[in-house]
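Beneath this line is the structure, given in structure tokens, with notes to follow.
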Amino acid sequence: MSTLITILSWACLTVGSLFCLVGAAGLLRMPDFYTRMHAASLIETAGAGFIILGLLLQTGFTLIAAKLLMIGLLILFAGPTASHALARAALLQGLKPITVPGGDQPSKP
Amino acid sequence: MKSIPTASLLFILIAFWLLLSGMYTPFLVSAGVLSAVAIILLCRRMALVDDESHPVQMAWGAVFSYWPWLVKEIVKSAWDVAIRIISPGLPISPTLVEFAPTQKTATGLVTHANSITLTPGTISVEVESGRFLVHALTVEGAAGLANSEMDRRCTKLEGSKTC
């Protein structure tokens, strides 16, 4: 039973780390500010989420688990608010996003 | 007048103290209760305890069925965005899209806008009552925003009260 939980926990930690790596790669590959923010939100939700889930499985049913849950909730509530403020500030300052009207052509980085 | 939000905020603050401290000596517990009461008094003086900061009128059944659904959506779109990032051609088609959300309360609008931003691949840029401006990574992602299931679910969890 505890072996199963350890395996599950390490699987979650690995998946979370992979999402963080892919998000970092996306930050470098994306062409403009707004598309880079999409890559960053991958780290913030999937990356952080899976890592916290993995740590929750490690700690079991303790007070530390409650604190981890609070950290998770804080990320889920504060993260999008900050992203929204950042995107809105950029748009108000006149930073025009690259947009593809209608089509689905891959834009070069 | 605002006794229900105040009572539930007091309960949450005391629970928060107990969870963070982990030491249950009489002195520390009573210090926690006193801090919670002091915070309540300060918040009421600053007029921070209202429906918007502490939405007790929400339909909590709908809220608790919404969170697992949102987690599923986040994982689905995170996978989609991750695949797009690592595929060599970088198949993205960034779009700005405007649509009308159906929520009436500030809490419902914020929940919807935050859920859009939380889902990888879409960011809510401008949020007003009746108008969302969303930046999406792909045209397909932008097309799925208006009258979405997320929109319906957020309207449902607003509860009966409208303001």
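None of the figures in this text is laboratory data; all of them are computed from the coordinates on show. Treat the numbers as computed from the prediction; the structure is a model and nothing was measured. Cβ placement follows ideal geometry from the backbone for every residue including glycine, while neighbour counts extend to all protein chains displayed.
Observations on the model:
- Taken as a whole, the stretch B:61-80 holds at least one residue that is within 14 Å of chain A (Cβ to nearest Cβ), closer than 23 Å to B:Ser129 by Cβ, of a type in the set (Phe, Trp, Tyr) and not in a loop (DSSP other than H, G, I, E, B).
- For the stretch A:54-66, the criterion of being closer than 25 Å to B:Pro88 by Cα and polar (S, T, N, Q) is met by none of the residues.
- Residue-level check: of (1) at the interface with chain A (Cβ under 9 Å from one of its Cβ atoms); (2) not in a helix (DSSP H, G or I), B:Thr102 misses just (1).
- Residue in the stretch B:85-99 that is nearest to the chain's Cα centre (by Cα), counting only those that are of a type outside the set (Ser, Thr, Tyr), at the interface with another protein chain (Cβ under 8 Å from one of its Cβ atoms) and on the phi < 0 side of the Ramachandran plot: B:Leu96
- Within the stretch A:2-55, tally of residues that are within 15 Å of B:Pro94 (Cβ to Cβ), of a type in the set (D, E, K, R) and assigned to a helix (DSSP H, G or I): 2
- Complete set of residues in the stretch A:10-42 that are away from every other protein chain (no Cβ under 12 Å) and surrounded by fewer than 18 Cβ atoms within 10 Å (Cβ to Cβ): A:Trp10, A:Ala11, A:Thr14, A:Ser17
- Look at the stretch B:18-29: where a residue is without any contact (Cβ under 8 Å) to a residue 40 or more places away in the chain and a partner is of a type in the set (A, V, I, L, M, F, W, C) and surrounded by 13 or more Cβ atoms within 10 Å (Cβ to Cβ), sitting 6+ places away or on another chain with Cβ atoms under 7 Å, you get B:Leu19/A:Leu63; B:Leu19/A:Ala66; B:Ser21/B:Leu28; B:Gly22/A:Leu63.
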